[in-house]
Amino acid sequence: MANVLKKHFKNKKVLITGNTGFKGSWLSFWLQRSGAEVMGISLNEISQPSFFKALNLKKRIKYKQIDIRNLKLIRSTMQKFQPDYIFHLAADAIVKNAYKNPKKAWETNTLGTINILESLKKFKKNVVAVLITSDKVYKNLEINRGYSENDILGGYDPYSASKASADLAIQSYFHSYLKKKKNLKICIARAGNVIGGGDWAEGRIIPDCVKKWSKFRSVKIRNPISTRPWQHVLDVLYGYIILGIKMKKNTSLNGEAFNFGPKRQNKKTVIEVVKEMQKNWKKSKWKITKNKKFNESNLLQLNSFKAKSKLKWHCNLSFEKAISFTVEWYKTFYFNRKNILALTSNQIQSYEKLTLKKFKL
Ligand SMILES: NC(=O)c1ccc[n+]([C@@H]2O[C@H](COP(=O)([O-])OP(=O)(O)OC[C@H]3O[C@@H](n4cnc5c(N)ncnc54)[C@H](O)[C@@H]3O)[C@@H](O)[C@H]2O)c1
């Protein structure tokens, strides 16, 4: 796949919003090592530590600290850089934070996305834009089947609702303005809970474990039987990347939304995740404590049949492999940091080899 990605991205200009975040950092690194000229747009609120800093990405890509809520700056940056691809990931991505400051979440997630769409209205160069929303955009109907792309959108908590509104705004702009523009192809990518090395967000189980375990302390687990689908960040980013590549050639994908969900067997409880991590991280302890409850959509499963049939995408990493990749990354970061760049490259390379065996792009 490395050569295949080089074929598509070498010397291409790629604009990534949210490039200092968990997914945005991995995507920046992956596309930069595939020959792309990457420009990132983010706030300077970087987690401590962060993947962005650990890999010194500031040296590898162009990086501008711009607020996605600032239309004027977003538009002028896009005009100046003239991207061939845009991946829009910038968001207030933590449910708990969106609860604390809903106005900021709506402005960032919904109006921030509208600013990208407004900027695209005036853009003249050929460009493919992959706009990232979430599995939480679906109205939770308490059903057992996975949600498909044409299911109804909605959400009660501020994060879900602001991402669902962003998704609706994309659809509205596409049908009202952008569909007619021959130079432009846009699509929506919806994925769920993602794991992998380099995430240090507050209140997520894997970062919570590694922060404590790296100091040989015990981790408190608040929702041991809460079930989530677990999916490695490389699997999801691979979905975004092939969506971008295929859209370039296939006009029938323009304006479409795609789900990128894990396999059913990757649905596990929090405690199953912790136990799987323990297999790879010896000397790890945990205890269960009571949780302060705030409402978050219950488990939403995605039906990814459309991505499988139209993009030939599916999750390549088993639950066990996704966890072992993740633990390997954090252990290297905490105990052998000088090797973190090489390890990250190796993980991407192994993923590419695995994927190349199965798919042709
Ligand atoms: N991580 C997950 O499990 C998950 C699940 C579903 C959907 N998503 C979506 O994927 C995308 C990336 O998620 P992540 O986990 O990497 O998030 P993250 O919190 O790690 O990173 C968010 C990024 O957005 C940037 N950002 C936030 N507010 C901004 C603003 N006002 N202006 C400019 N930049 C701003 C941050 O600086 C950071 O670079 C988001 O759109 C998120 O909603 C993530």
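The values are calculated or read from the model by the stated rules, or taken from the named source; none is laboratory data. Quick caveat, the model's predicted, so the values are computed rather than measured. Reconstructed Cβ throughout: ideal geometry from the backbone, glycine too, with neighbour counts over all protein chains shown.
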Within the set of pairs 6 or more residues apart or between chains, which connect a residue that is β-branched (Val, Ile, Thr) and surrounded by 14 or more Cβ atoms within 10 Å (Cβ to Cβ) inside region 343-355 to a residue that is modelled with pLDDT of 95 or more and in a helix (DSSP H, G or I) with Cβ atoms less than 6 Å apart? Ile348/Trp30
Among the candidates Gly40, Gly24, Gly18, which residue alone is among the small types (Gly, Ala, Ser), within 15 Å of the ligand (Cβ to nearest atom), without any contact (Cβ under 8 Å) to a residue 60 or more places away in the chain and within 30 Å of Glu352 (Cα to Cα)? Gly40
Considering only region 209-230, I want to know if a residue exists there that is at pLDDT below 90 and over 30 Å from Ile288 (Cβ atoms). no
Among residues of region 44-97 being near the ligand (Cβ under 9 Å from one of its atoms) and among the hydroxyl-bearing types (Ser, Thr, Tyr), the residue modelled with the lowest pLDDT is Ser47
Across region 27-37, which residue is nearest to the ligand (Cβ to nearest atom) among those that are crowded, with 24+ Cβ neighbours inside 10 Å and small (Gly, Ala, Ser)? Ser28
Can you name the number of the only condition in (1) under 21 Å from Ile242 (Cα atoms); (2) more than 15 Å from the ligand (Cβ to nearest atom) that Phe123 fails? (1)
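For every residue, the table says whether it meets (1) free of Cβ contacts under 8 Å to residues at least 40 places away in the same chain; (2) under 21 Å from Tyr240 (Cα atoms); (3) crowded, with 21+ Cβ neighbours inside 10 Å; (4) not basic (Lys, Arg).
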residue	(1), (2), (3), (4)
Asn101	yes, no, no, yes
Val127	no, yes, yes, yes
Thr133	no, yes, yes, yes
Lys136	no, yes, yes, no
Glu142	no, no, no, yes
Tyr147	no, yes, yes, yes
Asn150	yes, yes, no, yes
Give Ser50, Ser119, Ser42 a once-over and let me know the one that is more than 21 Å from Ser162 (Cβ to Cβ) and not hydrophobic (A, V, I, L, M, F, W, C). Ser50
